[in-house]
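Working notes, beginning with the structure itself.
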Amino acid sequence: MEKDETGEPEPHLVAVLQLRAEDVPALRFPAGRDLLQLLWCPALHVEGGIQAPRLYWRDSVAIGKTLDSHPPLRRSQAEYVPYPCAPQAETVLDFPHSADLPEEVFEDLFGSAEDPEEAEETYDDLLACRWSDKAGGYAYCTQRSCRPVCEGCGGEMELLVQLFSQRRFADDVRIQADALAKAGIDPSSLSDPGSRISFGRMERMAVFGCFTCPNQPIVHDVQ
């Protein structure tokens with residue numbers, strides 16, 4: 001619990017996502033680790049526009065006693081605290097952005113099309129960089145591709161986790177929950193609305209990692 005510039009303790013980190021290696025076999029895990037945990041600060045961070053994420057690779061067998069409950073949150077904002085929910089894992093094919101395709105593949109796909117530009121746009125809109133929460137694959141970017149380079153080794157970093165804003169649930173879920181409660185219906189008995197996290201004006205956050213450097217650095221990108 002470090003102190004900020006006012007002398008007050010910084011907010012606790014909150015759990016955002018936990019994945020087991022057995023549930024996401026396509027995602028590369030470091031040797032001896034089978035659990036990925038993503039946490040972030042639930043308070044607004046002006047610099048960078050979003051809470052700085054922390055990524056932990058753990059050995060589930062070595063985890064000892066855990067807390068019975070999370071400590072009270074300090075200076076948290078509701079849209080940055082995920083609603084408890086369980087992700088439904090599904091394995092899908094994900095393809096790189098057209099700008100990142102090898103030249104010969106790009107030519108095979110679009111070179112003989114009647115309208116190469118339209119074919120390229122269709123590929124990027126429907127097949128490449130899937131617009132969804134995901135582990136692994138290729139990050140969705142609003143402006144061409146985004147593939148960060150590790151400052152340590154100079155190698156290309158891999159997408160680990162991508163999360164999309166679910167701000168569409170932020171207000172209407174609260175209204176619906178109140179209405180259901182007055183009607184004697186438990187809101188939790190209905191379909192899961194997801195995490196309800198929101199990035200304000202930003203649509204998605206992507207976390208990239210490097211498996212070459214010993215300290216396995218990560219960077220995050222928001223768009």
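Suppose we keep only residues that are of a type in the set (S, T, N, Q) and either open to solvent by less than 50 Å² (accessible area, probe 1.4 Å) or under 27 Å from the mean Cα position of the chain (by Cα) (or both) within segment 98-126. Which one would you say is nearest to ALA139 (Cα to Cα)?
Of the residues in segment 98-126, the ones of a type in the set (S, T, N, Q) are 98, 112, 122.
In the following step, the residues that additionally are either open to solvent by less than 50 Å² (accessible area, probe 1.4 Å) or under 27 Å from the mean Cα position of the chain (by Cα) (or both) were identified as 98, 122.
Details: SER98: 13, THR122: 17 Å.
Filtering segment 98-126 for residues that are of a type in the set (S, T, N, Q) and either open to solvent by less than 50 Å² (accessible area, probe 1.4 Å) or under 27 Å from the mean Cα position of the chain (by Cα) (or both), the one nearest to ALA139 (Cα to Cα) comes out as SER98.
Restricting attention to segment 1-48, and to residues there that are in contact with a helix residue (DSSP H, G or I) (Cβ under 8 Å, 6 or more places away or on another chain) and open to solvent by 60 Å² or more (accessible area, probe 1.4 Å), which single residue is modelled with the lowest pLDDT?
So the residue we want is LEU44.
What's the number of the only condition in (1) surrounded by 10 or more Cβ atoms within 10 Å (Cβ to Cβ); (2) not in a loop (DSSP other than H, G, I, E, B) that VAL61 fails to meet?
Unmet condition: (1).
Restricting attention to segment 80-97, report how many residues are open to solvent by 60 Å² or more (accessible area, probe 1.4 Å) and either touching a strand residue (DSSP E or B) at 6+ places or on another chain (Cβ under 9 Å) or over 30 Å from TRP40 (Cβ atoms) (or both).
4
Quick check on segment 82-93. Is at least one of its residues on the phi < 0 side of the Ramachandran plot, without any contact (Cβ under 8 Å) to a residue 40 or more places away in the chain, part of a loop (DSSP other than H, G, I, E, B) and over 26 Å from the mean Cα position of the chain (by Cα)?
Checking segment 82-93: not a single residue is on the phi < 0 side of the Ramachandran plot, without any contact (Cβ under 8 Å) to a residue 40 or more places away in the chain, part of a loop (DSSP other than H, G, I, E, B) and over 26 Å from the mean Cα position of the chain (by Cα).
Cβ-Cβ distance below 7 Å, separation of 6 or more or different chains: which pairs start in segment 120-141 with a residue that is touching a residue at least 40 places away in the same chain (Cβ under 8 Å) and closer than 19 Å to GLY209 by Cβ and end on one that is part of a loop (DSSP other than H, G, I, E, B) and acidic (Asp, Glu)?
Short answer, once both residue conditions are applied: GLY137/ASP94; TYR138/ASP94.
Can you name every residue in segment 134-165 that is surrounded by fewer than 20 Cβ atoms within 10 Å (Cβ to Cβ), in a strand (DSSP E or B) and of a type in the set (Val, Ile, Thr)?
Result: VAL149, single match.
The values are calculated or read from the model by the stated rules, or taken from the named source; none is laboratory data. This one's a predicted model, so the numbers in the text were calculated from it and none came from an experiment. Virtual Cβ from ideal backbone geometry, glycine too; neighbours counted across all protein chains shown. Just the protein is used for accessible areas: all its heavy atoms, side chains included, with ligands, DNA and RNA removed. Shrake-Rupley method; radii C 1.70, N 1.55, O 1.52, S 1.80 Å.
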